[in-house]
1. 7 Å from Cα along Cα→Cβ at both T53 and A205: what's the point-to-point distance in nm?
2. Please give the helix 61-78 orientation as an angle from the longest Cα principal axis of the chain, in degrees from 0 to 90, rounded to the nearest 10.
3. Using a Gaussian network model of the chain whose springs link C-alpha atoms within less than 10 Å, name the residue from Q319, Q211, Q187 with the highest mean-square fluctuation.
4. Charges only on Cβ, +1 for Lys and Arg, -1 for Asp and Glu: so what's the dipole of the chain about the Cα centre, in debye to the nearest 20?
5. Before anything else, pin down the relative contact order of region 180-323: Cα pairs under 8 Å, at least 6 apart, normalised by residue count, whole percent.
6. Where is the GNM fluctuation largest for the chain (alpha-carbon springs, 10 angstrom cutoff): V57, V119, V151?
7. Within region 222-247, what residues put their amide N at less than 17 Å from the label point 7 Å along the Cα-to-Cβ vector of T270?
8. Rounded to the nearest 10 degrees, what's the angle between the helix 306-325 long axis and the longest principal axis of the chain, both from Cα atoms, 0 to 90?
Amino acid sequence: MCTDRRDFLRASAAVIGTALVAPPVSFANTTDTESIPQRQDIPESIRRLKPMTTGVVPISDDERSARIAKAQRLMAEHGIDAIYIEPGSSLFYFTGVRWSTSERMFAVVIPRRGELAWVCPKFEEERARELIRFGTDIRTWEEDASPYRRVAEIFRDRGIRAGKIGIEERVRFFLFDGIRKEASALQFVSATPVTAGCRMFKSPAEIALLQRSNDILLVAYRATWATMRDEMPQQEFAGNCATALHNLGVEGGIFCSFGKYTAFPHGSVTPQTLHEGDVVLMDGGCSVEGYQSDITRTFVFGQPTQRQRGIWNLERKAQDAGFAAAKVGAPCETVDAAARKVITDAGFGPDYKVPGLPHRTGHGIGLDGHEWTNFVRGNNTPIQPGMCFSDEPTIAIYGEFGIRLEDCLYITPSGPKFFTKQSPSIDQPFG
């Protein structure tokens, strides 16, 4: 899946007439349905779609409290006295708070012991109090004051005068730099053992949200596939999918490629129109309560050639091999090795060379479209229940075409399960 979804969201928005812009590899919780004007030329397969978000159960406050408690246990295990988090997926994961980033600090400190503490611009305090459900300690700062001093005060008030502070990986450098200068007696380390140690392992409630997100995306894909026509611009195809997702009640989109440009794993800047015999690749996602889906389907507009069919079947065999290797306790790298072996045994590659598989076989997924951990060579992290991944080996043949099949999976105590049914054939990609 593309690591920056802004481009295909912009492309989709150009067709449906609004500026859908989301953060890299993440979507907001829901679509603002009033902000998207309805097109007058919506194909029937998309027009008849209805929202699929009825009955969605958000993450409960009790579950978020348990996440905070687990984070505090992990801090104790790793000798970390507190972690600092600014707005983003980790802040939402632990607290349920969504807040935009700017030059003004808004952050939470989760200490190993004691209640959470917040740092907030004074003029935003009332809005913050509307959103904050965990912790009553809100330290505000005026426009001419130092937010870094407020953070240092939190550390001191939690009894942290020496020791380690974990900085969440998405924290911007200027914030980290200001904090370390104000609290120079402390040591600053990565908070990833804590944040990833929590977020890598999905609860049943998270699995249910990921399942709904994948179900919705596949319905949108099937409806979009039915709209193909000769001379269709790629933006129209992508716009059809964005409209389908909107009608299904979520925010999302795809990038798509036609013909030889499907060999570019994340698309080409060259404008494309659809012609008989073209390979078509569509890759994208949507979000339900923040939880991301990520699916790729590749097929042919018209009758596939034997060459196209053969490479598609090889790709499906590689995806199957990756899935079969995703056993509980196995190192993550074994999944990449299994999928890659199918492709190299057929004469492609080796390694990352093209024609062949030029990237890792899969990535973690959850609140971010790409998160810990990856199916990639050298990653010896053992596969464990609760982990969620994409399974997406690609066969890229520059100048000809590329094939990628991507479905996401979750690990149960008995092994992997796909969220979606795999694509059965190049002729009937959705069964």
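The values are calculated or read from the model by the stated rules, or taken from the named source; none is laboratory data. As the structure is a computational prediction, the values presented were derived from the model and not from experiment. Please note: Cβ atoms are built from the backbone with ideal geometry, for glycine as well, and neighbour counts cover all protein chains shown. In case anyone asks, the SASA skips ligands and DNA or RNA and just uses the protein heavy atoms, side chains included. Shrake-Rupley method; radii C 1.70, N 1.55, O 1.52, S 1.80 Å.
1. Label at T53, label at A205, 1.8 nm between them.
2. 70
3. Answer for the Gaussian network model of the chain: Q187.
4. Taking the Cα centre of the chain as origin, the dipole is about 880 debye.
5. 21
6. Evaluated over the chain, the most mobile residue of the options is V57.
7. Residues 231-235 qualify, since their backbone N sits under 17 Å from the label point.
8. 40
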